[in-house]
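Written out below as structure tokens is the structure these notes cover.
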Amino acid sequence: METLNRKSRIVGTLTRYKKEIIMKISLITMVVITISAQSAYAGDGGQTLHTNTDDKWSQCSFVLDQSLTQEAWHQFAKEVGNVVYYRPMTSAKPMGKGIYHIGITNMSSSIDDSDPAWNDTFSHPESDHWLMKGDALGFPGLEARMGYNDKIDIGLYFMKSPGANYGFYGAQLQYNLINNLENGLAAAVRASFVQMFGPEDLNQGIYGLDLLLSKDVNRFSPYAGISTYLARAQATTSKVSLDDENILGVQGMVGVTTNVSFLKIGAEMNFAEVNTTSLLIGYDF
């Protein structure tokens with residue numbers, strides 16, 4: 001009997017330590033992602049910016065320059081696919097039928113805005129008005145999700161850059177595969193798309209399929225996943241003669257969400273051609 005009690009105490013201690021370790025990893029992950037979102041490469045690289053000759057937009061906007069090459073166009077299509085991909089920003093467990101979520105997101109990426117892939121696809125209000133001024137290129141947006149049933153969650157995404165000529169909208173459907181309440185383990189697949197709107201010179205769309213795994217530990221829900229995506233870009237102006245780009249890619253992700261009072265807070269880091277960090281603050285009801 002004493003041996004059994006000793007084994008039980010050992011198992012209990014190991015289980016407690018395991019939970020504490022996962023909680024600490026979750027906290028460290030959230031802090032690292034938050035810090036990463038605040039600092040990234042930004043430089044001028046000695047390039048001359050293309051400016052708006054008619055003062056049409058007060059912020060940097062998508063306008064293709066006639067000097068844009070197919071190589072730079074290919075790179076742009078690939079990197080935009082990484083930057084504006086519709087992130088999960090949630091664990092693999094289902095929300096539950098009749099549960100709703102609204103939130104504010106911010107995706108930040110460390111692009112090189114002096115590269116022709118970005119310099120020759122943007123127009124600027126002034127010759128020294130760079131996309132990034134010491135910070136990452138950020139895309140703040142709004143999202144909403146709902147639990148359609150006990151397996152399926154549906155989400156919508158929208159962002160519009162004030163003073164610029166572009167925005168993005170998207171949708172996602174997440175299907176739960178495993179939801180082990182006893183152990184807090186979950187797995188899900190997720191399909192999504194994001195579409196650019198506004199620019200006259202180009203169309204850009206990103207389509208993705210994710211596999212997510214997560215584990216709940218007290219108030220924290222750390223998760224990891226892998227995505228395959230298709231980035232499509234089409235030039236719609238006679239200024240350039242460029243073939244359409246259809247690019248397949250793969251990216252990985254790690255993230256964590258937690259609830260603080262009535263707020264849901266999340267952080268995610270994606271690993272791809274261009275790494276992206278994402279932050280979320282929202283409300284479930």
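The values are calculated or read from the model by the stated rules, or taken from the named source; none is laboratory data. The structure presented is a predicted model; accordingly, all values stated were derived computationally and were not measured. Note: ideal-geometry Cβ built from the backbone for every residue, glycine included; neighbour counts use all protein chains shown.
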Spot the failing condition for Glu245; the list is (1) surrounded by fewer than 19 Cβ atoms within 10 Å (Cβ to Cβ); (2) touching a residue at least 40 places away in the same chain (Cβ under 8 Å); (3) closer than 30 Å to Leu68 by Cβ, and only one is missed.
(1)
If you check Ser221 against the conditions, is it closer than 22 Å to Ile104 by Cα, polar (S, T, N, Q) and within 14 Å of the chain's Cα centre (by Cα)?
no
Checked Gln195, Gln172 against criteria (within 18 Å of Pro140 (Cα to Cα), surrounded by 19 or more Cβ atoms within 10 Å (Cβ to Cβ) and at pLDDT 95 or above); the one match is Gln172
Of the residues that sit in region 175-192 and are under 17 Å from Lys97 (Cα atoms) and of a type in the set (A, V, I, L, M), which one is surrounded by the fewest Cβ atoms within 10 Å (Cβ to Cβ)?
Leu181
Filter region 57-79 for residues that are touching a Lys or Arg at 6+ places or on another chain (Cβ under 8 Å) and part of a helix (DSSP H, G or I) and give the result.
Ala77
Read through the list (1) in contact with a strand residue (DSSP E or B) (Cβ under 9 Å, 6 or more places away or on another chain); (2) modelled with pLDDT of 90 or more; (3) more than 30 Å from Gly98 (Cα to Cα), then give the number of the only condition that Asp153 fails.
(3)
Tell me, which residue of region 119-144 that is modelled with pLDDT of 80 or more and in contact with a Phe, Trp or Tyr (Cβ under 7 Å, 6 or more places away or on another chain) is surrounded by the fewest Cβ atoms within 10 Å (Cβ to Cβ)?
Leu142
All but one of (1) surrounded by 22 or more Cβ atoms within 10 Å (Cβ to Cβ); (2) within 20 Å of Ala188 (Cα to Cα); (3) modelled with pLDDT under 95 hold for Thr276; which doesn't?
(2)
Being under 18 Å from Tyr283 (Cα atoms), in contact with a strand residue (DSSP E or B) (Cβ under 9 Å, 6 or more places away or on another chain), surrounded by fewer than 18 Cβ atoms within 10 Å (Cβ to Cβ) and among the basic types (Lys, Arg) is the requirement here; does Lys97 meet it?
yes
Please enumerate the residues belonging to region 149-166 that are surrounded by 16 or more Cβ atoms within 10 Å (Cβ to Cβ) and outside any strand (DSSP E or B).
Ser161, Ala164, Asn165, Tyr166
